[in-house]
Structure formats: structure tokens, C-alpha cells
Amino acid sequence: MYDVLGMAADSGAMINPHPENIELVWKLKNRPIDESRGPLHAWNASRPSFVEAEAVQRVAYMAQITGASVYAVHTSSQLALDAMERQRRSYENLFVETCTQYLTLTTEAGCGTYGKVNPPIRERADLEALWVGLAEGRVDTVGSDHNARHRSFKEKDVWSASAGFPGTGGVLPLTLSEGLRRGIPLERLVDATSTRSAQLFGMYPQKGTIRVGSDADLAVVDLDGSYTINAATQHSGADYTPWEGTEVPLRVVHTLVRGEFALRDGVLADRTTGRYLRRERSGAAALAAIDSAPEQKGTPA
């Protein structure tokens, strides 16, 4: 870890480590675990949030030693968020992502093993803490940790089922609808789901802003519309979603990629136009490049 963080710092890159102390997970897995409250409670108990928080704090501290940038992926718990906050007090090149599942699902969710993921879905208090962090900007971004493995890998007991599930299609509608319901400004939600990611991963201003010269990547959202999430509406070969039956009080009408429709009137285009983007820098180096060119700041997408 020391070596890779040092190389990343020298290269202007950002490290995105999975935040769980796996040795501690292995040590804890043989404890008796109460399964009476359902599979999501059991899975959460098998990989408790302090396992995540310890890993986050360790890599954040080593980032400070080496001068590297670290992006804490799929932060799921208040303990992990608090750990990053402690390290940020003395070192600023630390960034936090959470995911839609940690903002909308808890161990009480009825999705069973379809909701098995690492880190696990947590308790209500963790969900609320993450929303506060998002509203205040302490959580930088919202992602999906999308993993479209087929439902046949999930329809087992919680110990045998695969971890992870498809989530890309829910990032914008779920985060936007729940965030607006909680009174979070639209601009903060747009920043968390678009602009900040583009900035941190060295794609700004090509991505993440609406301005002349930027890619015309646009989502047209009907805030007065609605739709029901189910496997069919997620356009995924996984054939399931942990949000099955969830009513969303808005609707993504169109999605454009570089000015071409990827989704038009809710219908997918018959061809894809995505392409790989080479990024020269990320993390603090990418933000410094933006600051050195003030004209790049533009308008949030």
C-alpha cells in the first residue's frame, strides 16, 4: 500500500481502495451470528462497520504520509465517514463516495439476498448520517458500485449468494428524488451525481458541465412524472433489482451522450456510442489543473 500510494502521488493519480480489513473479516466470520432478523441483518453483522472504518482510516493516514489522493469508494457507514473526517482535519486530499443503496436501503429492506453487497447495507442511523454528509458536502459523490451478475448467483442463502447487484440505472432517479424530498438543493445533488465525479477523475470540463466545448451529455428529467423500478426498467441482463417495486416520483425522459440519444422517451437506442476516455490525472492533481485554469469552472451539469 505504501508503495502504490507513493507511485500514485508521483504520477498525479488517485487510489480507490476497497475499504474493508479482510483479515478482520476472516477473524470475525466464525462468530455465532443471529439470522433471525433476516439475511441483510446477518450479512451486516458478519462485516460490521468498524471493519470498514479501520481500513478507511489506515489508507487515509498512509495517503497523508505519501502525499497521495485517496477516494473512499462506496462508503456505507457513519463510522467510516467519521474516520475520513478525522483524517481530513490534517490532510485534504481525501474524497468520499457513497452509493445509492446506502442512501435508500437498510437492513430492514425486503430484497433479501438480492441486496447482499460489500460493504453491507447498514442500519437506518448509517443511512441518515450519509444523507447529512451528502447535504453538507462531506460526501463528495454518489455512485452505484454496479455489478450486473445474474439473479441465479443471488438466489441462495446469504452465505452462498454472490455479493453485488446492478445499480447504475438508479443513481440519478433515486438520489434526486430522495434528496429533493429531504430538502437538499438540486445543485448539490447534481454536483454529487455528475460534476464532482468529473472533476475528481480528470474529465472536467469535457464532462460534468453544460458549456460550449463540453460534451453534450444531458439527462432530461420530468420532476412531475413517476415510474416504478423493476428488472425490466433497469435494462440489465441481471434480471433483478433490489429496488423491485419502488415508486419513484420523477422520470428520466431522455439521456444524451455527446449529443446523441442513448435513451429517448424512455426507450434505449439500438446502438451504443460510448468510448474510452484517457485521463492524464485524477484527485488533487486534477483539481489543481482546474484551479489553474479558472475559465474551466463553467456551469454545473
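Here are a few things to note about the model shown:
- Normalised by the number of residues in the chain, the average gap of Cα pairs under 8 Å and 6 or more apart makes the relative contact order 17 percent.
- Protection proxy ranking for 243-249, 173-179, using the average of other Cβ atoms within 10 Å per residue and placing the highest first: 173-179, 243-249.
- Environment charge at VAL142 (Cβ cut-off 12 Å; Lys +1, Arg +1, Asp -1, Glu -1): -3
- Helix-only [θ]222 nm of the chain, DSSP H runs n ≥ 4, -39500 (n - 2.57) each, per residue, nearest 500: -9500 deg cm²/dmol
- Going through (1) 71; (2) 60; (3) 51, the figure that equals percent of Cα pairs over 25 Å apart as computed for the structure here is (3).
- Here the gap between ASP222 and GLU108, fully extended at 0.36 nm per residue and compared with their Cα-Cα distance, gives a gain of 38.0 nm.
- Carbon + sulfur, % of accessible area of region 139-298 - ligands and nucleic acids excluded, 1.4 Å: 51
- With K and R counted +1 and D and E -1, the other residues having a Cβ less than 13 Å from that of ALA216 yield a net charge of 0.
- Peptide packing: for 76-83, 23-30, 123-130, the average count of neighbouring Cβ atoms within 10 Å per residue gives the ranking 76-83, 123-130, 23-30, highest mean first.
- Charging the Cβ of each Asp and Glu at -1 and of each Lys and Arg at +1, and nothing else, the dipole of the chain about its Cα centre rounds to 360 debye.
- Available extension along the chain between ARG88 and LYS29 is 18.1 nm, counting 0.36 nm per residue and deducting the alpha carbon span.
- In order along region 246-254, the Karplus-derived 3J(HN,Hα) couplings, from 6.51 cos²θ - 1.76 cosθ + 1.60 at θ = phi - 60°, round to 6, 8, 10, x, 6, 8, 7, 8, 10 Hz, and Gly and Pro are given as x.
- The accessible surface of region 1-98, taken with every protein chain in place and a 1.4 Å probe, is 52 percent carbon and sulfur.
- Heavy-atom accessible area order for MET84, MET62, MET1, largest first, 1.4 Å probe: MET1, MET62, MET84
- Ellipsoid equivalent to region 9-147 - semi-axes via the Cα gyration tensor, in Å: 26, 17, 12
- Here the relative contact order of region 214-301, from alpha carbon pairs under 8 Å that lie six or more residues apart, stands at 26 percent.
- Under Karplus coefficients 6.51, -1.76 and 1.60, residue-wise ³J(HN,Hα) of region 222-237 in Hz, glycine/proline x: 8, 6, 9, x, 6, 7, 10, 6, 8, 4, 5, 6, 8, 6, 10, x
The values are calculated or read from the model by the stated rules, or taken from the named source; none is laboratory data. Worth saying up front: this structure is predicted, and the values here are computed from it rather than measured. Virtual Cβ from ideal backbone geometry, glycine too; neighbours counted across all protein chains shown. Areas reflect the complete protein model, heavy atoms only, side chains present, ligands, DNA and RNA absent. Shrake-Rupley method; radii C 1.70, N 1.55, O 1.52, S 1.80 Å.
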